[in-house]
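In what follows, a single structure is set out as structure tokens and then discussed.
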Amino acid sequence: MTTPELQQASPYTTLDLEGVRTVIASLPPLAARLGGTPAEWRVWEVSDGNLNMVFVAEGPEGGVCLKQALPHVRVDPSWKMPLDRTFFEAAYLRAVFPHVPDLTTECLHFDPEQFILIVPSLSGHTVMRTAMMAGHYHPAVAAQVGDFVARSTFATSLLAEPFERIMDRRICFARNQTLTRITVDLVLTDPYHDHPRNHWADPQLTPIVAALRTSPAVQARIDSLRLRFLCTPQALLHGDLHTGSIMTTGTDTRIIDGEFATYGPIGFDAGLFVGNLILSLFATSDRAGQALHLDMIQTFWTSFKKRFLALWQEREWAEDRSTLYYATTDKSTQNFEKSLFIQNIFQDMAGFCAAEIIRRSIGYAHVADFSVLTDQPTRTTRQKAALLFAKDCLEQKKPLKPLADFLELLYLHMSAL
Ligand code: SR1
Ligand code: MG
């Protein structure tokens with residue numbers, strides 16, 4: 001897939017509900033998917049994220065979800081933005097869908113002039129964050145997300161494909177610079193400086209923000225994470241894997257919204273997901289709910305690691321060993337290299353998880369999780385605990401060893417709840 005064509009035959013227009021109906025009616029395979037006549041279809045808007053317009057259209061036979069980029073950030077029209085993000089989301093789906101058909105949606109149609117992406121609708125599914133805020137925690141979902149991260153990243157890494165294919169894909173996604181800039185600024189830079197986009201309502205968080213900004217260890221770690229994000233193209237990342245980018249029925253889970261896709265360190269996707277689980281954990285009052293969150297973090301990591309290593313093992317049975325980049329047949333060298341590779345992903349995961357907790361608490365685009373806590377002192381205590389956990393994570397002198405040390409640090413900060 002090449003980058004979007006800039007000369008357009010028909011000028012871009014933002015769709016309304018009738019425009020959505022007209023677009024779908026003009027695409028016979030999609031119209032057939034809905035069934036009936038266009039007049040019978042129900043079309044409604046479900047825009048929920050910060051950037052785009054999203055609609056669902058349903059007919060007697062089925063439904064589709066239509067997403068269109070706006071020339072600005074949806075929640076802030078003064079923040080102008082090019083339209084090409086749906087191109088990258090379509091390209092991401094086309095790259096990963098063959099490897100995770102049970103865990104994401106298929107790109108049914110992409111219009112490079114109107115920047116419209118159409119996928120099957122998920123009307124029986126709920127956004128994972130919404131489900132968790134209502135107290136529905138499903139450890140099985142964490143296992144599925146672990147599986148998704150393992151399969152989507154392994155398949156698009158040098159462990160699975162010749163470098164020529166990886167390089168071609170890197171060239172394509174290297175153009176996703178508007179959204180990569182958002183990540184570099186909003187996740188990995190702004191919270192550590194004074195910036196008008198940062199905000200927090202509770203003045204009791206201010207001393208922690210000051211401590212984050214004056215801690216040399218935090219600054220150094222964030223600098224190194226920013227470099228890793230930009231200079232470690234291990235695999236094609238989803239790029240925005242928070243719990244609002246996951247829809248689930250509790251049994252069937254789909255990862256959506258891959259518009260931030262870019263090549264980067266695998267631990268970035270893992271870290272954003274775990275960071276959002278931890279934000280939800282700190283916003284959860286009952287002990288049983290907290291225990292389920294801990295279970296989800298462990299389940300996610302175990303599932304990711306198991307699947308990633310299994311895929312790696314399968315690849316070693318390739319007949320042409322010259323296509324392998326870790327080609328040694330010596331088992332102990334192999335195991336050593338693999339364990340180092342996985343440990344590095346874990347280190348990245350811990351760092352990006354901390355950065356995600358911080359940006360979702362004091363930067364731009366906070367999470368809604370804490371809004372379930374109506375008692376202000378309780379909310380303050382919990383937000384402070386989450387931020388202090390993240391700060392501690394970034395300040396660790398020795399790398400946190402996979403899981404046990406990370407969880408110990410988490411337990412330590414949970415004792416403030
Ligand atoms: C201006 S975009 C703000 C945030 O929304 C998206 O979901 C990403 O998380 C981004 O950082
Ligand atoms: Mg999104």
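Any residue at all in segment 231-245 that's away from ligand 1 (no atom under 16 Å from the Cβ) and surrounded by fewer than 19 Cβ atoms within 10 Å (Cβ to Cβ)? Before the answer, list the steps.
Taking segment 231-245 as the starting set, the residues that turn out to be away from ligand 1 (no atom under 16 Å from the Cβ) are 231-236.
The next check asks that each one be surrounded by fewer than 19 Cβ atoms within 10 Å (Cβ to Cβ); those that pass are 231-232.
Yes.
Can you tell me which residues in segment 99-110 are more than 25 Å from residue 296 (Cβ to Cβ) and in contact (Cβ under 8 Å) with a residue 40 or more places away in the chain? Break it down into steps so the answer makes sense when it comes.
Within segment 99-110, the first condition is being more than 25 Å from residue 296 (Cβ to Cβ), and the residues that meet it are 106-110.
Of everything in segment 99-110, those that are more than 25 Å from residue 296 (Cβ to Cβ) and in contact (Cβ under 8 Å) with a residue 40 or more places away in the chain turn out to be 108, 109.
Just to be sure, is residue 55 in contact with a strand residue (DSSP E or B) (Cβ under 9 Å, 6 or more places away or on another chain) and either without any contact (Cβ under 8 Å) to a residue 60 or more places away in the chain or in the same structural domain as residue 169 (by TED's automatic domain parsing) (or both)? Steps first, answer last, please.
Details: in contact with a strand residue (DSSP E or B) (Cβ under 9 Å, 6 or more places away or on another chain): yes; either without any contact (Cβ under 8 Å) to a residue 60 or more places away in the chain or in the same structural domain as residue 169 (by TED's automatic domain parsing) (or both): yes.
Considered against the rule, which asks whether it is in contact with a strand residue (DSSP E or B) (Cβ under 9 Å, 6 or more places away or on another chain) and either without any contact (Cβ under 8 Å) to a residue 60 or more places away in the chain or in the same structural domain as residue 169 (by TED's automatic domain parsing) (or both), residue 55 comes out as yes.
For segment 390-406, enumerate the residues that are farther than 23 Å from residue 191 by Cα and among the small types (Gly, Ala, Ser).
Within segment 390-406, just 404 meets the criteria.
I'd like the full set of residues that are closer than 14 Å to residue 250 by Cα and surrounded by fewer than 17 Cβ atoms within 10 Å (Cβ to Cβ), limited to segment 103-138.
123, 124, 126, 130, 134, 135, 136
Please note which strands (runs of 3 or more DSSP E) are completely contained in segment 1-108 and include at least 2 residues that are under 24 Å from residue 156 (Cβ atoms) and under 21 Å from the mean Cα position of the chain (by Cα). I'd like the intermediate steps shown before the answer.
Details: elements: 42-45, 52-58, 63-69, 76-80.
Fully inside segment 1-108 and qualifying: 63-69.
So, residue 364, is that one touching a Phe, Trp or Tyr at 6+ places or on another chain (Cβ under 9 Å), of a type in the set (Ser, Thr, Tyr) and in a loop (DSSP other than H, G, I, E, B) or not?
Details: touching a Phe, Trp or Tyr at 6+ places or on another chain (Cβ under 9 Å): no; of a type in the set (Ser, Thr, Tyr): yes; in a loop (DSSP other than H, G, I, E, B): yes.
In short, no.
Please identify the pairs in which a residue from segment 333-345 that is assigned to a helix (DSSP H, G or I) has its Cβ atom under 8 Å from the Cβ atom of a residue that is among the β-branched types (Val, Ile, Thr), counting only partners at least 6 apart or on another chain.
Filtered contacts from segment 333-345: 334/328; 337/328; 345/266.
Return the only residue of 336, 341 being among the aromatic types (Phe, Trp, Tyr) and modelled with pLDDT under 95.
On the way: 341 fails: modelled with pLDDT under 95.
Exactly one of 336, 341 is among the aromatic types (Phe, Trp, Tyr) and modelled with pLDDT under 95, namely 336.
Is it true that residue 148 is modelled with pLDDT of 95 or more, in contact with a Gly (Cβ under 6 Å, 6 or more places away or on another chain) and in the same structural domain as residue 287 (by TED's automatic domain parsing)? Reasoning before the result, please.
On the way: modelled with pLDDT of 95 or more: yes; in contact with a Gly (Cβ under 6 Å, 6 or more places away or on another chain): no; in the same structural domain as residue 287 (by TED's automatic domain parsing): yes.
No: the conditions fail for residue 148.
Just to be sure, is residue 260 within 16 Å of ligand 2 (Cβ to nearest atom), of a type in the set (Phe, Trp, Tyr) and either in contact with a helix residue (DSSP H, G or I) (Cβ under 9 Å, 6 or more places away or on another chain) or at positive phi (or both)?
Values: within 16 Å of ligand 2 (Cβ to nearest atom): yes; of a type in the set (Phe, Trp, Tyr): yes; either in contact with a helix residue (DSSP H, G or I) (Cβ under 9 Å, 6 or more places away or on another chain) or at positive phi (or both): yes.
Spelling it out, residue 260 is indeed within 16 Å of ligand 2 (Cβ to nearest atom), of a type in the set (Phe, Trp, Tyr) and either in contact with a helix residue (DSSP H, G or I) (Cβ under 9 Å, 6 or more places away or on another chain) or at positive phi (or both).
Collect the residues in segment 348-368 that are buried (at least 24 other Cβ atoms within 10 Å of the Cβ) and within 19 Å of residue 127 (Cβ to Cβ), keeping them in residue-number order.
356, 360
Which of the following residues is farther than 16 Å from residue 187 by Cα and β-branched (Val, Ile, Thr): 249, 262? Step through it out loud before you land on a result.
Numbers: 262 fails: farther than 16 Å from residue 187 by Cα.
Of the residues listed, the single one that is farther than 16 Å from residue 187 by Cα and β-branched (Val, Ile, Thr) is 249.
Just wondering, is there one or more residues in segment 79-96 that are within 16 Å of ligand 1 (Cβ to nearest atom), surrounded by fewer than 16 Cβ atoms within 10 Å (Cβ to Cβ) and under 20 Å from residue 18 (Cα atoms)? Spell out how you get there, then give the answer.
First, pick out the residues of segment 79-96 that are within 16 Å of ligand 1 (Cβ to nearest atom): 79-86, 88-89, 92.
Now narrow it down to the ones that are surrounded by fewer than 16 Cβ atoms within 10 Å (Cβ to Cβ): 79-80, 82.
So of that shortlist, the ones also under 20 Å from residue 18 (Cα atoms) come out as none.
No; the residues of segment 79-96 include none that is within 16 Å of ligand 1 (Cβ to nearest atom), surrounded by fewer than 16 Cβ atoms within 10 Å (Cβ to Cβ) and under 20 Å from residue 18 (Cα atoms).
Scan segment 167-184 residue by residue and report those that are in contact with a strand residue (DSSP E or B) (Cβ under 8 Å, 6 or more places away or on another chain) and either more than 20 Å from residue 75 (Cα to Cα) or not in a helix (DSSP H, G or I) (or both).
169, 170, 173, 174, 176
Answer yes or no: is there a residue in segment 185-194 that is in contact (Cβ under 8 Å) with a residue 24 or more places away in the chain, more than 16 Å from ligand 1 (Cβ to nearest atom) and surrounded by fewer than 21 Cβ atoms within 10 Å (Cβ to Cβ). Steps first, please.
First, the residues of segment 185-194 that are in contact (Cβ under 8 Å) with a residue 24 or more places away in the chain: 186-192.
Now restrict to residues that are more than 16 Å from ligand 1 (Cβ to nearest atom): none.
No; the residues of segment 185-194 include none that is in contact (Cβ under 8 Å) with a residue 24 or more places away in the chain, more than 16 Å from ligand 1 (Cβ to nearest atom) and surrounded by fewer than 21 Cβ atoms within 10 Å (Cβ to Cβ).
Within segment 131-149, identify whether any single residue is in a strand (DSSP E or B), touching a residue at least 40 places away in the same chain (Cβ under 8 Å) and not hydrophobic (A, V, I, L, M, F, W, C), and answer yes or no.
So in segment 131-149, the residues in a strand (DSSP E or B) come out as none.
Within segment 131-149, not a single residue is in a strand (DSSP E or B), touching a residue at least 40 places away in the same chain (Cβ under 8 Å) and not hydrophobic (A, V, I, L, M, F, W, C).
Collect the residues in segment 44-78 that are away from ligand 1 (no atom under 14 Å from the Cβ) and among the acidic types (Asp, Glu), keeping them in residue-number order.
45, 58, 61
Here's a check for you: in segment 250-264, which residue that is of a type in the set (A, V, I, L, M, F, W, C) and buried (at least 24 other Cβ atoms within 10 Å of the Cβ) is nearest to ligand 1 (Cβ to nearest atom)? Walk me through how you get there before you give the answer.
Here is the first cut: in segment 250-264, the ones of a type in the set (A, V, I, L, M, F, W, C) are 255-256, 260-261.
Those left that are additionally buried (at least 24 other Cβ atoms within 10 Å of the Cβ): 255, 260-261.
On the way: 255: 13, 260: 6, 261: 12 Å.
Once the filter is applied, the top-ranked residue is 260.
The values are calculated or read from the model by the stated rules, or taken from the named source; none is laboratory data. Keep in mind that what you see is a predicted model, and the values were worked out from it rather than measured. Virtual Cβ from ideal backbone geometry, glycine too; neighbours counted across all protein chains shown.
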